[in-house]
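Structure, as structure tokens:
The values are calculated or read from the model by the stated rules, or taken from the named source; none is laboratory data. Computed from a predicted model, the values in this text were never measured in an experiment. Cβ atoms come from the backbone with ideal geometry, glycine included; neighbour counts cover every protein chain shown. Heads up: the accessible areas ignore ligands, DNA and RNA and are worked out on the full protein's heavy atoms, side chains in. Shrake-Rupley method; radii C 1.70, N 1.55, O 1.52, S 1.80 Å.
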Amino acid sequence: MAWFAVSLMLTYADIALFQNMTESSENRSMQKVIFLVDMNAFFISCEMTRNHSLVGIPAAVAGDPKKRTGIILAANYEARACGVKTAMVLHEAFKLCPKIFLVPPDHRFYAQKSKEVMDLLSNYTPILEQNSIDEAWLDMTGSEGLFGKPVEAAKRIMDEIKNKLGLWCSIGIAENKFLAKMASEMKKPLGITELWERDIPLKLWPLPVKEIYGIGGKTAEKLNRMGIRTIGELARVDTNFMVKTFGKGGKDIYLHANGMDTSPVVAHEIGDMKSIGRSTTLPEDISDIQKAKPVLMKLADDIGMTVRRHGKKGCTVHVTLKYSDFRVVTRQTTIPATCTTKEIYQAGCCLLEQNWNRFHPVRLIGISLSGFHEDSSSDQLSLFDQMEDHVKNDKDERIDKAMDTIRSKHGPEIITFAALIKK
């Protein structure tokens, strides 16, 4: 225990005072109970559910397994034991783990598995906020009578996900979203960790500042240069100094270091969607725009299917390019409200052509559709223009919906655009 007192310059009296403060506040109202369910090694775990030969061997989802180019998107725990990490380039992964088995990414399959996870979690509470494809917050306040104490409920959720879906998860339990997220990272895989406010001095404060959810590498380095290395040291810094140094975000960093987060778990409905986007890291950097266009078309096709499934039409198309030096550019354009793959792709293609530079190789391409407003189709067009556009849009939309119907019955790969068929 001596190392702890030295590293944070805290005394047992400090800890006792902190615990007394938090315990007295807990007694004033019903204690919030927030879970963060985080799927373990999600992409490769999804692959293991349909290919059992991957179980027990080092394996990962990666860019282009045949060419051995690209990066690791997700590695299982056998591969991680060899030092393989997410975002590691493949030649480094092979040096560390020569026998690693690589699987190409299948994002539609992962999206389907994610939906299965979220559907299962929604059986435990209607107040569920999906944070990413593989994690979600659940407000479990007041559910003890149904599912038992928090740890018991978490064990029940973990077991059901494992037994029904064949997937592993870790679960963080706390009073607020931030602490639940921090707790979920503390024990992987198949870990359940409680991090209540009274636990902050012992479990949170000894961690290095780079472990704070939401803090990037550069911010952590800046804090280190200022002599602030642990979360406990950060918690004792003056709030005004943090705001002066890091702007408005400095206050949030300070509050998080002290375990404070008042943001509620917000259940997102379909109508809350602000944008629908897709992106992909390329198996190798490309300089030829003709190689980029089929990638963009496939992403636009995926967006179109999603938009139509939710009965949406959007009028703003965004394109994102990440270069080999990791610089990122984002461009957007406005079009008449649409849900057709053709129009989404054409708008994205124009942005691609306007911003392509063959001297700057691209490693990631992304496209999204937003502006889902009911009045987004009321453009300043003449009556005849509107009639002509309506006929064209209606034809494209009918073709898209026919393809959607076929895909829903026979699988997404059964029909596609001619330009996407590999020669």
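Points worth noting:
- Whichever residue in the range 122-140 is within 20 Å of S45 (Cβ to Cβ) and assigned to a loop (DSSP other than H, G, I, E, B) and, among such residues, is most open to solvent (accessible area, probe 1.4 Å): I133
- Residue match in the range 249-262 (condition: exposed (fewer than 15 other Cβ atoms within 10 Å of the Cβ) and free of Cβ contacts under 8 Å to residues at least 40 places away in the same chain): yes
- Put simply, of L369, L383, L420, L364 the only residue that is under 29 Å from the mean Cα position of the chain (by Cα) and at pLDDT below 70 is L420.
- Evaluation of L102 against the conditions (1) assigned to a helix (DSSP H, G or I); (2) of a type outside the set (S, T, Y); (3) in contact (Cβ under 8 Å) with a residue 40 or more places away in the chain; (4) in contact with a Pro (Cβ under 6 Å, 6 or more places away or on another chain) shows that the sole unmet condition is (1).
- Every test in (1) open to solvent by 30 Å² or more (accessible area, probe 1.4 Å); (2) within 21 Å of A41 (Cβ to Cβ) is passed by M158 save one, and that test is (1).
- One residue from A267, A292, A300 being among the small types (G, A, S) and not in a helix (DSSP H, G or I): A267
- Cross-chain or 6+ apart pairs with Cβ under 6 Å, the range 58-85 first and on the phi > 0 side of the Ramachandran plot and modelled with pLDDT of 75 or more, then surrounded by fewer than 21 Cβ atoms within 10 Å (Cβ to Cβ) and hydrophobic (A, V, I, L, M, F, W, C): G83/L96
- Residue list for the range 120-166, filter: hydroxyl-bearing (S, T, Y) and either without any contact (Cβ under 8 Å) to a residue 60 or more places away in the chain or within 18 Å of K188 (Cα to Cα) (or both): S122, Y124, T125, S132
- R198 vs. criteria charged (D, E, K, R), at pLDDT 95 or above and closer than 28 Å to L138 by Cβ: yes
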